[in-house]
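Take a look at the structure below.
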Amino acid sequence: MPTLVRDLEIVPDAWTLVASGAVPAPVPARAILPFEEWRERRAVLPVGRTGTWVEGDVEAEAVGPHAANLPLIAVHFPAFADGRGLSLGALLRTRYGFDGELRAYGDILPDLAQYLHRSGFDAFVLADRRSAEVAIASVGSITDHYQASVRQPVPAFRRR
Amino acid sequence: MGAASGLQVYRYEEFDQRFIDERVAQYREQTQRYLAGELTDDQFLQLRLRNGLYIQRLAPMLRIAVPYGTLSSEQLRALAEISRRYDKGYGHLTTRQNVQINWPALEVVPDILADLAKVRMHCIQTSGSCIRNVTTDQFAGVAADERVDARPYCEIVRQWSTQHPEFDWLPRKFKMAFNGAAADRAAIHVHDIGIRVDRTGDEVVFDFLVGGGLGRTPAIGSVIRTGLPERHLLTYLEAIMRVYNRYGRRDNKYKARIKILVRAMTPEVFRDRVDAEWEHLKDGPSTLTPEEIDRVVRCFEPPAYPRREDQAALLAERRLASPRFNAWMRNNVAAHKVPGYAVVTLSTKLTGVPPGDVSDVQMDAVADWADRFGFGELRIGHEQNFVLPDVPQEHLFELWERADAQGLASANLGLLTDIVCCPGGDYCSLANAKSIPVAEAIQREFDDYDYLHDLGPIELNISGCMNACGHHHVGHIGILGVDKKGAEFYQIALGGHAGEDASLGKILGPSFSRDEVTGVIGKILTVYVDERIEAEPFLHCVRRIGIAPFKERVYANAG
């Protein structure tokens, strides 16, 4: 069963992902809408109550300006080896100041968790509980890295 | 001379050691999950590749990182020991200055990594779609024509690229090279990013070439930035990598390298994209501090060379007495920037031995010579040879005798038989054709040193497939293995070159069977000898007369 990890803990998922072309009316609370459909409806949705999902190759420039009005952005990873979502996440956090829940879902290998965590994702959906536990452990498997990241904006060489 | 004084390698601190130790534990846990059936083959593939482990035709192959080709005698001895304990007692020097062992069992790779970590070595990012080992001039720090020693900058980039949070899952593999000398021995024109290092006044500056590469679509890199001050190195690289990670193609692995993106966007648009991205990153926390640059530069400071005199008279006498020593001096010994010293290349290109293959005994011997005839440091060049950077001239003859006894003194450096060759179909599952037997046949046919010296510098490169690990596009003579209805054939190109005036070889015409290759090379050489003007080198001759005269001779009787 898909298992949500938020802030490195397994938690129940209160949100519902809505597929393209399947947005119910009225939009229920805590729905994650496809980005285009969220954008079309944003004037009539209660402020800060509906999330959106995007593919990893969406332009950060398209989503970023809406960051302040979004409580949750979910980034879909079509394949775990597709690193576009990592750059998107880093841009949403650092350039657009997004401070809501940044969630990765799709083909999330537990070993990707350390990269997600460091690129600004605070939530990821794993295939099952065991994978979720491995993902949490993997984030802590390296104490410190050389370069700066969203999580640690000061590179190691400035902290020596 | 002892190993303790003036060893020019990056000195690990607690931080560096902890990182590689934890990386070993991380990989051990990944291997255990795979063996327990928790990871599929495809999932584990991506994880093991990021640790240098390929599953090859005959067995796994482990690629060990030798950052920018520099290692200590202690590290080379450890490699010899690893090759004995876990392998069949030999290793392979690669064209990216790394070392491969060919028979490690998947289950024991974590133990090999643990042994490597004890001598500050690892296999991190030696394969997979990530930033690979950064390479440079194998003569860095000692070459007489050097402007700036690029090794500290290679090390800074190695650290920055190690498990980068954003750039470890790229569209495709990513290779960078630095060159800080007048001659380009690092092939910066045919790398994803090639960086030319120079000095203006007191400041070190970089020129960036992007989108060069070999493989299926060979390309010469485009200059997108010149004179970038050193403090901006990492932020500018981040900007390039971010543009590539976001926009590089992922739908077709053959179109996923950055060269395809640069070509599709045009170099000008690509440059503008990078500049726009860099505006946000410039002067941020990843900007290098003078203290950090200084810390790394100090690791590579020249040793305190004991004063020595040039030994012209002694060497002249020895050379006169021994024609073989004379040939070795002429080809394998280069000028050192300090009087009384020389830079020696120990060739692995002995006929009958696959180019780049070295035994454990040879590795131990080279390590001993690095201590005895230097400061305990040595290099691996991208031509798959060892380099001893600091040999006192008075010891050259003694070193030559020892190297000769170990089969490491072939005096063919830069000559036709100093062949650069990938492992090919004998070992590699990607290869279309074998490459090692072709190299050996050529070495056997052209074994007359007088003839080879008369021919002068000729770079011959062989790749067993279009992935071009043997860099055939930039060989003066480039040989590519192709598959023709299940049979192995070889396409031959002329006029490639990887230096500052880089060019890609032009294909002669239809490919040849393996039996024909040596004869074709012979015909090509005859045309050159007939056509050359005085001492005109092969490459210049090909550039002047074009490939038509060669084509004519080679296909003359083909009907």
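No lab work stands behind these numbers, since they all come straight from the coordinates. A quick note: this is a predicted structure, and the numbers were derived from the prediction, not measured. As a convention, Cβ positions derive from the backbone with ideal geometry for all residues, glycine included, and neighbour counts pool all protein chains shown.
Loop-only GluC sites (Glu not before Pro) in the range B:291-323, please: DSSP not H, G, I, E or B, and at most 16 other Cβ atoms within 10 Å.
Here the sparse-neighbourhood loop sites are B:Glu309.
With 10 angstrom as the radius, rank B:Arg158, A:Arg42, A:Arg129 by how many other C-beta atoms surround their C-beta, starting from the fewest.
So the residues, fewest neighbours to most, are A:Arg129, A:Arg42, B:Arg158.
Would you work out the relative contact order for the range B:233-306, in percent, from Cα pairs under 8 angstrom that are 6 or more residues apart?
44 percent
Explain nothing, just the number: dipole magnitude of the protein assembly as shown about its Cα centre with +1 on each Lys and Arg Cβ and -1 on each Asp and Glu Cβ, in debye rounded to the nearest 20.
Charge dipole, the protein assembly as shown, about its Cα centre: 1320 debye, nearest 20.
Is the C-alpha gyration tensor of the protein assembly as shown telling us rounded, prolate or oblate? Criteria: a/c under 1.5 is rounded; beyond that, a/b larger than b/c is prolate, otherwise oblate.
The shape class here is prolate.
Just check the range B:292-370 against the gyration tensor rule for me: Cα atoms, a ≥ b ≥ c as the square roots of the eigenvalues, rounded for a/c under 1.5, and otherwise prolate or oblate depending on whether a/b exceeds b/c.
In terms of gyration-tensor shape, oblate.
B:Glu29 versus B:Asp294, label points 7 Å from Cα toward the beta carbon: distance in nm?
Spacing of the two 7 Å Cα→Cβ label points: 3.9 nm.
What is the diffusion coefficient of chain B in µm²/s, taking the Kirkwood radius over Cα pairs and the Stokes-Einstein relation at 37 °C with a viscosity of 0.692 mPa s?
The calculation lands on 136 µm²/s.
Length gain on complete extension for the stretch B:Glu107 to B:Ala144, per 0.36 nm per residue less the alpha carbon to alpha carbon distance?
8.7 nm
Can you pull out the GluC sites (Glu not before Pro) in the range B:1-108 whose DSSP state is coil and whose Cβ has at most 16 other Cβ atoms within 10 Å?
B:Glu13, B:Glu38
If you consider only alpha-carbon coordinates, what radius of gyration and Dmax does the range B:142-299 have, in Å?
15.2, 46
Are there any trypsin sites (Lys or Arg not before Pro) in the range B:245-335 that are in a DSSP loop and have at most 11 other Cβ atoms within 10 Å? List them by number.
Hits after loop and neighbour filter: B:Arg307.
Mind giving me the nanometre distance, one decimal, between the label points for B:Gln17 and B:Ile545, set 7 Å out from Cα along Cα→Cβ?
Taking the two extended label points, one gets 6.1 nm.
So how do B:Glu531, A:Glu59 line up by other beta-carbon neighbours within 10 Å, fewest first?
By the 10 Å Cβ count, ascending, the order reads A:Glu59, B:Glu531.
Going 7 Å from the Cα of B:Arg263 along its beta-carbon direction, which residues of the range B:219-234 have the amide nitrogen within less than 13 Å of the resulting point?
Label zone hits: B:219-222.
Using a 10 Å cut-off around each Cβ, can you sort B:Met363, B:Met466 from fewest to most neighbouring Cβ atoms?
B:Met466, B:Met363
Could you pull out every Cys in the protein assembly as shown that lacks a partner Cys with its beta carbon under 4.7 Å away?
That list is B:Cys123, B:Cys130, B:Cys154, B:Cys299, B:Cys421, B:Cys428, B:Cys465, B:Cys541.
Tell me, what is the percent relative contact order of chain B, built from C-alpha pairs under 8 Å that lie six or more residues apart?
14 percent.
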